[in-house]
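Participant: Got a structure here, written out as structure tokens. Questions coming.
The values are calculated or read from the model by the stated rules, or taken from the named source; none is laboratory data. Bear in mind that the values here come from a model prediction, so they are computed numbers and not experimental data. Methodologically, a virtual Cβ is constructed for each residue, glycine included, from the backbone with ideal geometry; neighbour enumeration extends over all protein chains shown. Accessible surface areas use protein heavy atoms only, side chains included; no ligands, DNA or RNA. Shrake-Rupley method; radii C 1.70, N 1.55, O 1.52, S 1.80 Å.
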Amino acid sequence: MNILELMIYSRNFAEQVRFYRDLLGFPVMEQQGNSVTFRAGHTRYTLVADPDATPYHIAFNIPPGSERQALDWLKQRCPVLTDEGDELVRFDAWKAMAMYFYDADRNILEFIARRDLAPGPGGPFGADRILGVSEIGIPVTDIRDAFSAINRIGNIPLYDGSFEKFCAAGDPHGLLILINRDRKTWFPTNDPAFSSPFSLRGDLSFDFAAGRILSADGPR
């Protein structure tokens with residue numbers, strides 16, 4: 001499942017622009033007034049200013065085998081979040097290695113290298129080696145209901161987990177991370193999971209608002 005466009009909201013908009021543009025080096029595709037769109041691999045990644053915005057969890061795919069280089073690059077730009085002291089986290093079942101960090105809104109961001117993906121562009125690690133947005137967190141009160149709503153819009157397989165606390169739906173190219181916001185917090189920081197609204201377009205397209213999955217023609 002390719003995520004071609006992701007739009008989220010930002011409560012510290014000016015700081016976020018500087019973080020992504022100046023610190024991480026994401027190319028700016030468009031900027032006007034209270035919104036900015038960056039290129040993140042194959043994904044158009046848009047931030048819209050909103051003083052009431054709450055945090056997200058978002059992951060970006062990076063080429064398999066680039067995780068050590070990416071970690072060194074990232075540590076020169078911002079602090080890396082750890083899991084029991086580990087800066088790189090291994091997910092054997094997903095054939096992946098990941099690292100985590102905050103942006104200026106304290107969104108939990110992740111760079112994840114999945115061995116199931118093609119190598120992608122070569123050369124020294126930088127923003128141009130990001131393959132695209134690979135995960136968006138979707139905190140809800142009923143995972144089964146949200147999964148069913150998504151599948152009424154377009155078929156998406158269960159990748160990992162269950163409908164109790166955590167469910168990943170999709171494939172290594174793109175995953176929807178459904179969690180029960182009343183029973184689970186975000187890894188690796190235990191930050192609370194907010195049902196922050198977003199719009200997603202790609203192989204599967206929908207909006208998420210007020211804790212509900214919305215299609216172009218209304219709630220599902």
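Participant: Which of the residues that make up the range 33-62 are farther than 21 Å from residue 14 by Cα and either in contact with a helix residue (DSSP H, G or I) (Cβ under 6 Å, 6 or more places away or on another chain) or open to solvent by 10 Å² or more (accessible area, probe 1.4 Å) (or both)?
Facilitator: 41, 42, 62
Participant: Same structure, new question: So residue 164 passes all but one of these: (1) more than 22 Å from residue 65 (Cβ to Cβ); (2) in a helix (DSSP H, G or I); (3) of a type in the set (Asp, Glu). Which condition number does it fail?
Facilitator: With (1) more than 22 Å from residue 65 (Cβ to Cβ); (2) in a helix (DSSP H, G or I); (3) of a type in the set (Asp, Glu) applied to residue 164, the lone miss is (2).
Participant: If you check every pair at least six apart or on different chains, which have Cβ atoms under 7 Å apart with a residue in the range 173-194 that is at positive phi and modelled with pLDDT of 95 or more first and a residue that is open to solvent by 80 Å² or more (accessible area, probe 1.4 Å) and of a type in the set (A, V, I, L, M) second?
Facilitator: If the second residue must be open to solvent by 80 Å² or more (accessible area, probe 1.4 Å) and of a type in the set (A, V, I, L, M), no pairs are left.
Participant: Report yes if residue 29 is open to solvent by 30 Å² or more (accessible area, probe 1.4 Å), part of a strand (DSSP E or B) and in contact with a strand residue (DSSP E or B) (Cβ under 6 Å, 6 or more places away or on another chain), otherwise no.
Facilitator: yes
Participant: To continue, here is another question. Let me spell it out: the conditions are (1) buried (at least 18 other Cβ atoms within 10 Å of the Cβ); (2) over 25 Å from residue 78 (Cβ atoms), and residue 154 meets all of them except one. Which number is the exception?
Facilitator: With (1) buried (at least 18 other Cβ atoms within 10 Å of the Cβ); (2) over 25 Å from residue 78 (Cβ atoms) applied to residue 154, the lone miss is (1).
Participant: Starting from the range 147-159, take each residue that is touching a residue at least 40 places away in the same chain (Cβ under 8 Å) and list its partners that are of a type in the set (Val, Ile, Thr) and part of a helix (DSSP H, G or I), counting only C-beta distances under 6 angstrom and pairs at least six apart or across chains.
Facilitator: Correct list of pairs: 156/150.
Participant: Let me ask another. Considering only the range 63-151, give the strands (runs of 3 or more DSSP E) lying wholly within it that have at least 2 residues that are loosely packed, with under 15 Cβ neighbours inside 10 Å and out of contact with any helix residue (DSSP H, G or I) (no Cβ under 7 Å at 6 or more places or on another chain).
Facilitator: Of the strands (runs of 3 or more DSSP E) lying wholly inside the range 63-151, those with at least 2 residues that are loosely packed, with under 15 Cβ neighbours inside 10 Å and out of contact with any helix residue (DSSP H, G or I) (no Cβ under 7 Å at 6 or more places or on another chain) span 89-91.
Participant: So, in the range 167-197, exactly how many residues are assigned to a strand (DSSP E or B) and surrounded by fewer than 18 Cβ atoms within 10 Å (Cβ to Cβ)?
Facilitator: 3
Participant: So for the range 4-13 (the condition being over 16 Å from residue 126 (Cα atoms), in contact with a His (Cβ under 8 Å, 6 or more places away or on another chain) and not hydroxyl-bearing (Ser, Thr, Tyr)), does at least one residue qualify?
Facilitator: So far as the range 4-13 goes, yes, one or more of its residues are over 16 Å from residue 126 (Cα atoms), in contact with a His (Cβ under 8 Å, 6 or more places away or on another chain) and not hydroxyl-bearing (Ser, Thr, Tyr).
Participant: Kindly provide the set of residues from the range 5-26 that are crowded, with 17+ Cβ neighbours inside 10 Å, touching a strand residue (DSSP E or B) at 6+ places or on another chain (Cβ under 8 Å) and either without any contact (Cβ under 8 Å) to a residue 24 or more places away in the chain or not in a loop (DSSP other than H, G, I, E, B) (or both), ordered by number.
Facilitator: 6, 7, 8, 9, 10, 13, 16, 17, 20
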